[in-house]
């Protein structure tokens with residue numbers, strides 16, 4: 001623990017993708033508690049109902065009652081219009097005296113894990129997966145960096161929610177592993193290019209979410225499927241809250257190496 | 001040097017993408033010399049003229065005069081029809097007594113290196129790049145593996161032409177680094193899934209090709225651009241022939257770890 005750790009994320013604009021459920025929802029909730037008054041959250045997801053429910057919950061929280069602005073953007077990230085809406089709403093939510101712009105690239109899909117690599121002959125399917133999971137992440141990040149250029153006294157942080165799958169191959173998870181490896185390299189290049197930016201690829205560990213349920217029920221490879229089932233049965237899955245607490249610790253201490261992959265178990 | 005190294009690649013079907021120029025062309029030429037009589041090469045590229053010139057050259061070579069079949073497929077790999085043509089021509093070129101099916105995923109483009117990551121806001125541009133450089137490679141590999149399932153006594157080898165960029169970020173090369181990291185992970189997953197397959201990601205080093213000329217003339221980042229110019233000026237670029245000789249050595253010895261990244265300088 002650093003003695004110089006911040007106790008808040010500043011007066012911040014936080015843009016969070018995939019915010020309606022799972023880990024993204026927990027990030028939104030945690031960030032709402034760690035930003036200073038005068039901050040704004042821009043939450044995006046495809047599901048309007050879940051997003052509205054979160055918005056209502058945050059409005060009633062202590063931060064909400066103290067004036068935290070929470071904007072929702074129902075958007076499909078694989079559509080050009082989706083990115084434009086997010087940037088446009090973010091610009092409106094921004095105010096000149098904010099001292100931190102934080103983008104959380106959390107949205108992502110598992111892809112079809114019921115088949116092995118040799119079954120992926122359909123270009124349209126792979127293109128569509130990579131568009132949602134890789135292209136949109138690059139293009140949203142680029143759009144946000146252009147919309148909020150570096151200013152003196154202002155920090156900009158870009159988070160990439162990554163996975164052990166970015167580093168290690170898992171049988172029958174070709175799409176997920178490929179997209180996570182692609183994204184991680186993308187953010188490493190960005191970190192090299194923009195030394196004034198803080199870039200973090202955070203691997204939250206095996207979380208007890210809907211995605212894990214898909215993993216243990218649909219994964220084609222029997223031994224991989226069993227290892228997920230075993231982790232679940234033995235209570236080894238992490239809660240979103242526990243993993244997100246580690247992420248917030250990293251952000252508050254702010255001494256990670258920019259561009260690095262940091263695993264929950266190393267925090 | 002292994003004392004058990006083969007001296008040929010067998011009676012083989014070799015499918016090579018991006019075969020008309022640069023490293024792909026050298027792979028085609030080298031393989032034509034290393035396959036046994038009764039083999040076939042299926043060469044694909046977008047440029048019909050370059051492809052025909054190579055076909056004519058191979059027809060006049062010793063292997064060509066001895067009956068090597070060389071089929072050309074003018075195809076855009078990012079189009080569904082392109083993959084289907086390659087597979088269909090490959091099936092026709094195949095004969096039952098072949099003992100080796102070898103797919104070389106060599107085709108790839110550098111992408112626009114004149115801009116930094118924060119300039120990539122256009123989803124259509126990034127989607128199109130990933131389709132050509134990532135999706136097509138997965139879908140062609142899957143299609144070829146389905147068209148030529150494992151048989152007793154037959155070897156199947158899948159090559160991925162990779163780069164140092166799959167492992168290290170380079171400023172202003174976000175598309176290239178991202179696609180190479182993605183492809184490499186894709187082939188690592190494939191190697192885990194298909195233990196009967198031989199999978200190799202070969203990094204050919206800095207080659208004296210058109211792509212290197214683009215690299216040293218167009219790269220946005222001044223220090224990266226200079227390092228490429230310096231390598232060129234100081235004669236440090238490798239010829240395609242020298243690097244391809246190392247690749248052929250790896251294929252003949254056939255004792256690399258399947259799925260591994262092997263760099264030219266480590267051979």
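Read-outs throughout are calculated quantities, based only on the coordinates presented, and are distinct from any laboratory measurement. Fair warning: this is a prediction, and the values are worked out from it, not measured in the lab. A quick note on method: Cβ atoms are made from the backbone with ideal geometry, for glycine too, and the neighbour counts reach across all protein chains shown.
Tabulated data for the structure shown
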{"quantity": "Cα-derived Rg to Rh of chain A, Kirkwood definition", "calculated": "0.95"}
{"quantity": "Residue with peak Gaussian network fluctuation, chain A [Cα springs, cutoff 10 Å], from A:210, A:76, A:122", "calculated": "A:122"}
{"quantity": "Rounded to 10°, Cα long-axis angle of helix A:136-147 versus longest principal axis of chain A", "calculated": "10 degrees"}
{"quantity": "Calculated Rg and Dmax of segment B:154-207 using C-alpha coordinates, Å", "calculated": "12.4, 43"}
{"quantity": "Translational D in µm²/s for segment B:1-43 (Stokes-Einstein at 37 °C, 0.692 mPa s, Kirkwood Rh from C-alpha pairs)", "calculated": "298 µm²/s"}
{"quantity": "Between 0 and 90°, nearest 10: helix A:240-253 axis offset from chain A longest Cα axis", "calculated": "50 degrees"}
{"quantity": "Tail weight of P(r) past 44 Å, computed on alpha-carbon pairs of the protein assembly as shown, percent", "calculated": "21 percent"}
{"quantity": "Cα centroid separation - segment A:159-173 against segment A:87-144, whole Å", "calculated": "15 Å"}
{"quantity": "Estimated distance in nm for a label pair at residue A:168 and residue A:218, the labels positioned 7 Å out from Cα along Cα-to-Cβ", "calculated": "2.2 nm"}
{"quantity": "Cβ nearest the rotation axis (B onto A), residue from chain B and distance to the nearest whole Å", "calculated": "B:182, 2"}
{"quantity": "Kirkwood-based Rg to Rh ratio, segment B:178-242, C-alpha trace", "calculated": "1.13"}
{"quantity": "All-pairs alpha carbon distance profile, segment A:94-222, 10 Å steps from 0, percent", "calculated": "11, 39, 29, 15, 5, 0"}
{"quantity": "For chain A, built as a Gaussian network whose Cα springs stay under 10 Å, the top-fluctuating residue of A:19, A:117, A:166", "calculated": "A:117"}
{"quantity": "On Cα atoms only, tilt of A:48-60 relative to the major axis of chain A in degrees", "calculated": "40 degrees"}
{"quantity": "Distant alpha-carbon pairs in segment B:1-119 (separation over 25 angstrom), percent", "calculated": "26 percent"}
{"quantity": "Neighbour-count order for B:202, A:129, B:256, fewest beta carbons within 10 angstrom listed first", "calculated": "B:256, A:129, B:202"}
{"quantity": "Per-bin percent of Cα-Cα distances, segment A:52-108 [10 Å]", "calculated": "18, 45, 33, 3"}
{"quantity": "Shielding of A:124-130 by partner chains, average beta-carbon count, 10 Å", "calculated": "6"}
{"quantity": "Among B:157, B:121, B:239, residue whose mean-square fluctuation peaks in a GNM of chain B (springs only between Cα atoms under 10 Å)", "calculated": "B:121"}
{"quantity": "Computed [θ] at 222 nm, helices only, for chain A once each DSSP H run of length n ≥ 4 contributes -39500 (n - 2.57)", "calculated": "-14000 deg cm²/dmol"}
